[in-house]
Amino acid sequence: MAERSTIEWTTSTWNPMTGCTRISEGCHHCYAERLARRLKGINPKYANAFKPTLHRNGLEEPLSWKRPRRVFVCSMGDLFHEDVPDDFVKDVFDVMRRARPHVFQVLTKRSERLLDLTKKMELTENVWVGVTVESEQHLDRIKDLTRVSAPVKFLSCEPLLSKIDNLPLDGIDWVIVGGESGVGCRPMEAEWVRSIRNVCVSRGVPFFFKQWGGVNRKAAGRLLDGRQWDEMPDKKK
Ligand code: SF4
């Protein structure tokens, strides 16, 4: 079954693989890692906790969903982790291609492998592909993303950890920004968010402000300059 999601920019999650290893500073307080460790011993799917694990029995689930939905793929891991075999990644993309009523949102920090593997695939119009850019140090991921032949390419600047001046938006269709939440979270300054919002507005790129984050995520809310920013790409479902 797809799981309904409380993530503001999607409606459901689908995890044909789970688990990951940390790759950059954005991973420091990885929510998926914390949750997987909690679920070990409770949910058999997480028997390996956060070790990358394939769930072949869930691979064809999207083909049975009746109502169209927007689905965050591998919210509990990174599909492009080096331990996930090429053929399995291809199988996941094949299912997405066949499950056309649904929109799939694939997000990774492993942009080089994303580019490498998708070169050999047909990416259909219902597959959105994005990379995480938590600081200026990772702008190279955007270069890789823009070379992928996906109909919608998006950036997730979450957790935003520094100001990013002049975020490069050529070939980018959507930008999400969010702060880190939970105990020990690193603060995000309003000026960093406005800087990205302003460049999106000036370039006509849809901007989605997910949350301020902080220790009390709900209390901090998601208003920026008095309004919610919930823009989505035109090709949304
Ligand atoms: S890449 Fe994503 S899933 Fe993997 S450790 Fe980092 S934040 Fe967690």
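Evaluated with a Cβ-only charge set (Lys, Arg +1; Asp, Glu -1), the chain carries a dipole of roughly 800 debye about its Cα centre, given to the nearest 20. Test of the criteria: in segment 96-189, which GluC sites (Glu not before Pro) are in a DSSP loop and have at most 12 other Cβ atoms within 10 angstrom of their Cβ? Those satisfying the criteria are 122, 125, 189. When you count the other C-beta atoms within 10 angstrom of each residue and take the mean per peptide, 217-223, 160-166 line up highest first as 160-166, 217-223. Looking at this model, which pairs from 45/143; 40/153; 66/210; 51/90; 45/90 are more than 26 angstrom apart at the alpha-carbon? Over 26 Å Cα-Cα: 45/143; 40/153; 66/210.
A simple charge model with +1 on the Cβ of Lys and Arg, -1 on the Cβ of Asp and Glu and nothing else charged puts the dipole of segment 107-237 at about 320 debye relative to its Cα centre.
When the trypsin sites (Lys or Arg not before Pro) in segment 107-146 are filtered for DSSP coil states and for at most 15 other beta-carbon atoms within 10 Å of their beta-carbon, the remaining sites are 119, 120.
Averaging the Cα positions of each part gives two centres, and for segment 1-22 and segment 71-111 these lie 11 Å apart. Computed from the alpha carbon positions, the gyration tensor of the chain leads to an equivalent ellipsoid with semi-axes of 26, 21, 17 Å, biggest first.
Each stretch of four or more DSSP H residues adds -39500 (n - 2.57); spread over every residue of the chain, this sum gives -6500 deg cm²/dmol at 222 nm.
Quick note: the coordinates plus some simple rules give every number you see, no bench work behind them. These numbers were taken from a predicted model, which means no experiment stands behind them. Reconstructed Cβ throughout: ideal geometry from the backbone, glycine too, with neighbour counts over all protein chains shown.
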